[in-house]
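Visitor: Supplied in structure tokens, the structure appears directly below.
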Amino acid sequence: MPSCVIFSPFLTSRVLQLSRAFSLEGYATRILTRIPGPDNNADDAVSRRLQEQFPDPPLEDLSTVRVESCDVLIVLWSQYLPIEEDEWTQATAWAQQSKRTVLLGLSIDRRYPQRCRFELKSIVSRRRLLKKASRALNEDIAPLLSPLSLLVKQRYFGPSIHQMFLADPSLRQLIYSPVAPPDQRDLIFNFVGTRENGPRVEITPRIEDWLTRQGHDIDMLKGEPGQPGFYWWAYPSGSKSLTSQQYIQLLDRSRFTLCLPGFAGTTERVCESILRGSVPVLEAIEVPFYRLPLRDGQNAIIVKRRSDWLSTVQRLLSMSPSEVAKCQQGVDELRQSLDWPQLCRRIVAHVLA
């Protein structure tokens, strides 16, 4: 049986996602982290949910475990979650014994000057570890002129469903439950998310201004009975949003889901909407990153240019029932490629590619 070691001083739901995926693909998976878990810089709520999921596989103390050989070593690192010098030394020792080492960057600054400084500092201080790595994966799309690319191949980790659906078994069961039939979808489209997130700063005001000129009260577009047939909630960063259960219910009610671009360049919302039978609406530049056969008017609505979001919303409101039915039928066929075993297989293949 091949072995996979996930080396992560901080415990996040990404660790759980990777461990579950590799375990399902037949790997003997181990997680090396700081013990005890609640003091490892994770968000309290996330940490609490994650703690409930172990020991499966059990957590091991990275400061005391003996270095052994393994087939795959995945080292998680971050610009803002602190990693001690002795932990870097341990990671390098494991890399020396592994057949393949993959780095996964979390919370790396997306501002180009700050990112370059971080990468240059990492090249100087972590050169031994970087030289052992076969590739570096990122949670966002790395810039073309990246200093780290001079030493190791970089690749976008790629979107999936949000890790919270793995940290809580009840949520995973919910997102994979049978979808609502088309005749029960009373909302034409939905969007819920922060308005200051990357390009949304420019996109959301245009849509809101048009909706207001059409006589809609933005503060009331929550899809309540008697309100217009769409749900719009662009809120300031830091505001309380929907619960996970409410979010799934919203996808179930919606024919289309607006997947506005954020900081990372893509969003989990595309895969989540497909799983719930709601047609994703996304920008053309993002399509290749999903590694799915997304086709405009067949199983998705593709926004050709960033300036076309408003006209795309207008398009959704004018689509005929037959056009909507064609898209929803295509999404039903597409969601089969995102069932849990297939999703795990995609994650493992992408990490090892």
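Visitor: Would you point out which residue out of Arg305, Arg269 is at pLDDT below 95 and touching a Cys at 6+ places or on another chain (Cβ under 7 Å)?
Guide: Arg269
Visitor: Now a separate question. If we keep just the residues of the stretch 1-11 that are assigned to a loop (DSSP other than H, G, I, E, B) and touching a helix residue (DSSP H, G or I) at 6+ places or on another chain (Cβ under 7 Å), which is nearest to Arg30 (Cα to Cα)? Talk me through it step by step, then tell me what you get.
Guide: Of the residues in the stretch 1-11, the ones assigned to a loop (DSSP other than H, G, I, E, B) are 1-2, 8-11.
Cutting the leftovers down to touching a helix residue (DSSP H, G or I) at 6+ places or on another chain (Cβ under 7 Å) gives us 8-9, 11.
Details: Ser8: 11, Pro9: 13, Leu11: 13 Å.
Restricting to residues being assigned to a loop (DSSP other than H, G, I, E, B) and touching a helix residue (DSSP H, G or I) at 6+ places or on another chain (Cβ under 7 Å), the top hit is Ser8.
Visitor: Right, something else. Name every residue in the stretch 111-134 that is in a helix (DSSP H, G or I), of a type outside the set (A, V, I, L, M, F, W, C) and closer than 15 Å to Ala91 by Cα, in order of residue number.
Guide: Ser122, Ser125, Arg127, Arg128, Lys131, Lys132
Visitor: Please specify each residue of the stretch 171-220 satisfying the condition of being aromatic (Phe, Trp, Tyr) and either without any contact (Cβ under 8 Å) to a residue 12 or more places away in the chain or part of a loop (DSSP other than H, G, I, E, B) (or both).
Guide: Of everything in the stretch 171-220, just one residue is aromatic (Phe, Trp, Tyr) and either without any contact (Cβ under 8 Å) to a residue 12 or more places away in the chain or part of a loop (DSSP other than H, G, I, E, B) (or both), namely Tyr176.
Visitor: Within the stretch 197-229, work out how many residues are modelled with pLDDT under 85, of a type in the set (A, V, I, L, M, F, W, C) and touching a Phe, Trp or Tyr at 6+ places or on another chain (Cβ under 6 Å).
Guide: The total comes to 1.
Visitor: Just give me the residues in the stretch 266-293 being in contact with a strand residue (DSSP E or B) (Cβ under 8 Å, 6 or more places away or on another chain) and among the hydrophobic types (A, V, I, L, M, F, W, C), in sequence order.
Guide: Within the stretch 266-293, Val270, Ile274, Val279, Val281, Leu282, Ala284, Val287, Phe289 meet the criteria.
Visitor: Within the stretch 241-353, which helices (runs of 4 or more DSSP H) (wholly inside it) include 1 or more residues that are loosely packed, with under 14 Cβ neighbours inside 10 Å?
Guide: It comes to 244-253, 309-318, 321-334, 340-352.
Visitor: State whether the residues of the stretch 29-39 include one that is modelled with pLDDT of 90 or more, more than 26 Å from Gln342 (Cβ to Cβ) and touching a Leu at 6+ places or on another chain (Cβ under 6 Å). Talk me through it step by step, then tell me what you get.
Guide: In the first step, residues of the stretch 29-39 are kept if they are modelled with pLDDT of 90 or more; the result is 29-32.
Filter once more, so that each one left must be more than 26 Å from Gln342 (Cβ to Cβ): 32.
Narrowing further to those that are touching a Leu at 6+ places or on another chain (Cβ under 6 Å): 32.
Looking for residues that are modelled with pLDDT of 90 or more, more than 26 Å from Gln342 (Cβ to Cβ) and touching a Leu at 6+ places or on another chain (Cβ under 6 Å), one finds at least one in the stretch 29-39, hence yes.
Visitor: Being outside the structural domain of Gly229 (by TED's automatic domain parsing) and of a type in the set (Gly, Ala, Ser) narrows it down to one residue among Ala284, Ala325, Ala353; which is it?
Guide: Details: Ala284 fails: outside the structural domain of Gly229 (by TED's automatic domain parsing); Ala325 fails: outside the structural domain of Gly229 (by TED's automatic domain parsing).
Criteria check complete, one pass: Ala353.
Visitor: Let me ask you something else. Looking for whichever is free of Cβ contacts under 8 Å to residues at least 60 places away in the same chain and over 20 Å from Gly158 (Cβ atoms) here; the options are Arg315, Arg306, Arg253. Which one fits?
Guide: Among Arg315, Arg306, Arg253, only Arg315 is free of Cβ contacts under 8 Å to residues at least 60 places away in the same chain and over 20 Å from Gly158 (Cβ atoms).
The values are calculated or read from the model by the stated rules, or taken from the named source; none is laboratory data. Just so you know, these numbers come straight off a predicted model, no measurement behind them. Neighbour counts run over all protein chains shown; Cβ positions are idealised from the backbone, glycine included.
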